[in-house]
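The values are calculated or read from the model by the stated rules, or taken from the named source; none is laboratory data. Just so it is clear, the structure is predicted and the values come from calculations on it, not from any experiment. Cβ atoms come from the backbone with ideal geometry, glycine included; neighbour counts cover every protein chain shown.
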């Protein structure tokens, strides 16, 4: 299993990051009927504001892809959430290793929530092994029991399904995976924990990919069959977040030109003005930002419901004359749409350009840079062990004290970086203009 390699570009990124009917002739102003509050984390969404979250797993977790995208969602969707994110992924690890280090790598960090993602290595990449499965189940249950005793919420998940197109023995192992992970749902129910059958969700997606892209030329979530590329990170994050009942809506605004009214959810609208030329403008202040959809995520959108259930940043304009209209934000055109589509409502969340995307993308860059600090702290300090013999007991005590101090120092740096991330995630008022396309 590969180990994540950190480069100076991560820290450089942090530095950079810190750096319809005829319209009336007269302008009409209005405000939306709803206040700008983030979409409620209803339906039992697993993550809560103020959570201190540890992502636990093997190299797929240590890749900082799916975990970073989950973090990006939580930070942009809940800019006042005051989350803390730590990653305890170790390449090549198994549930046995996770149970053995659960206290020092998870509970000692005082989390309120932990995600557990083991099983890829446990199954052995071959035929089903009953003995290995028994050990996997026992060690997974040991982690669930330790978490319950400590009052820590758990989101347990099965691993992603291997991609048969890119793994030599994928056809065999993907069958083994189904049987190997089958006990996880029952374990989660036994301890009252959340469970996401990530295997089943990603298997359904890769089955579809096999039909439309059998040679893996366009949709490539896992270049080696199981480790993620950015599209695979998105596939996993989407499966996990929707499985944990993440709110779909960022915000939605509906403008009705016939009544000169604006209705909004998760946003406020002011300065509504009908343009005599056939368009409309207004100021939109959102309570949250959409995910900044990366260009290398785009091939995965058909397999993640076009993010309709995770990144709905909606705009509807009713009452426009037939024709095509440009939509601009702060003077930057982000797309051209028909009056019919605008009347039905469009999702601006997946557009990888424009001022809203640019702001959210700066959040993404700052998170990536901050996670360089997280990884350095974990690999360089958390994992450091000094086993002193009796005759060096005094040295061992000194080292232990220095480790404790260094952990606190590094955590202060991470907290400071997170505070800057949170600042970047605060939405700004944006001027929207819908004009007839030239």
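Annotations for the structure displayed:
- Scope the range 82-123; condition part of a helix (DSSP H, G or I), in contact with a strand residue (DSSP E or B) (Cβ under 7 Å, 6 or more places away or on another chain) and within 29 Å of residue 420 (Cβ to Cβ); matching residues: 105, 109
Here is a yes/no grid of residues against (1) within 27 Å of the chain's Cα centre (by Cα); (2) assigned to a helix (DSSP H, G or I):
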{"site": "360", "(1), (2)": "yes, yes"}
{"site": "364", "(1), (2)": "yes, yes"}
{"site": "388", "(1), (2)": "no, no"}
{"site": "403", "(1), (2)": "no, yes"}
{"site": "414", "(1), (2)": "yes, yes"}
{"site": "428", "(1), (2)": "yes, no"}
{"site": "431", "(1), (2)": "no, no"}
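- Qualifying residue in the range 282-292 (condition: at pLDDT 95 or above, surrounded by fewer than 22 Cβ atoms within 10 Å (Cβ to Cβ), within 30 Å of residue 163 (Cβ to Cβ) and in contact with a helix residue (DSSP H, G or I) (Cβ under 7 Å, 6 or more places away or on another chain)): no
- Number of residues in the range 349-358 that are assigned to a helix (DSSP H, G or I) and surrounded by 22 or more Cβ atoms within 10 Å (Cβ to Cβ) equals 2.
- Scanning the range 294-313 for residues that are closer than 28 Å to residue 438 by Cβ and surrounded by 22 or more Cβ atoms within 10 Å (Cβ to Cβ) yields one hit, 313.
- Verdict on residue 157 being closer than 30 Å to residue 212 by Cα, buried (at least 19 other Cβ atoms within 10 Å of the Cβ), modelled with pLDDT of 95 or more and in contact with a helix residue (DSSP H, G or I) (Cβ under 7 Å, 6 or more places away or on another chain): yes
- Restricting the first member to the range 361-390 and to residues that are at positive phi and surrounded by fewer than 21 Cβ atoms within 10 Å (Cβ to Cβ), and the second to residues that are modelled with pLDDT under 95 and not in a helix (DSSP H, G or I), no beta-carbon pair is closer than 8 Å while six or more apart or on different chains.
This table checks each residue for (1) assigned by TED's automatic domain parsing to the domain that holds residue 348; (2) more than 17 Å from residue 158 (Cβ to Cβ).
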| site | (1), (2) |
| --- | --- |
| 175 | no, no |
| 181 | no, no |
| 191 | no, no |
| 197 | no, no |
| 207 | no, no |
| 222 | no, no |
| 231 | no, yes |
| 253 | yes, yes |
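- A single member of 356, 399, 395, 421 is on the phi < 0 side of the Ramachandran plot and in contact with a helix residue (DSSP H, G or I) (Cβ under 6 Å, 6 or more places away or on another chain), and it is 421.
- The listed residue being part of a helix (DSSP H, G or I), out of contact with any helix residue (DSSP H, G or I) (no Cβ under 9 Å at 6 or more places or on another chain) and either under 29 Å from residue 290 (Cα atoms) or modelled with pLDDT of 95 or more (or both), out of 263, 207: 207
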